[in-house]
1. Using only Cα atoms, find the angle between the long axis of helix 3-13 and the longest principal axis of the chain, and express it within 0 to 90 degrees, rounded to the nearest 10.
2. Simple spin-label model, 7 Å along Cα-to-Cβ: A60 to V41 in nm?
3. Please give the per residue accessible area of the chain, computed with a probe of 1.4 Å over protein heavy atoms only, in Å².
4. Could you work out what % of the accessible surface of the chain is carbon and sulfur, using a 1.4 angstrom probe and leaving DNA, RNA and ligands out of the count?
5. Can you bin the range 1-66 into rounded, prolate or oblate? Criterion: square roots of the alpha carbon gyration tensor eigenvalues sorted a ≥ b ≥ c, rounded for a/c under 1.5, prolate for a/b above b/c, oblate for the rest.
6. Going highest first, how would you order 46-54, 22-30 by mean Cβ packing within 10 Å?
Amino acid sequence: MTIGARIRAARMARGLTLQNVAESLGLRSRQQIYEWERGIVCPGPKHLAKLADVLGLEIADLLPRRT
């Protein structure tokens, strides 16, 4: 599962909208969250810890697993 898919699944499980997450991160637009979920870009370290907190996850839960 990709980072984007993990973000979307966690967001949906918590009943959050793209706008809810964006506002929690102090972003002006939900577009950035949408781009993360679609895999267009990945969240950087600046947002990763706060994103995990908003989604009720650990940072490691968002990152790809090594096989």
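The values are calculated or read from the model by the stated rules, or taken from the named source; none is laboratory data. The shown structure was predicted, so the numbers you read here are calculated from the model rather than taken from an experiment. Glycine gets a Cβ as well: all are built from the backbone with ideal geometry, and neighbour counts include every protein chain shown. Keep in mind that these areas ignore ligands, DNA and RNA; they rest on the heavy atoms of the full protein, side chains included. Shrake-Rupley method; radii C 1.70, N 1.55, O 1.52, S 1.80 Å.
1. Long axis of 3-13 versus the principal axis of the chain: about 60 degrees.
2. The modelled label-to-label distance comes out at 2.9 nm.
3. For the chain, the per-residue accessible area is 68 Å².
4. 50
5. It comes out rounded by the Cα gyration axes.
6. Ranking the peptides 46-54, 22-30 by packing returns 46-54, 22-30.
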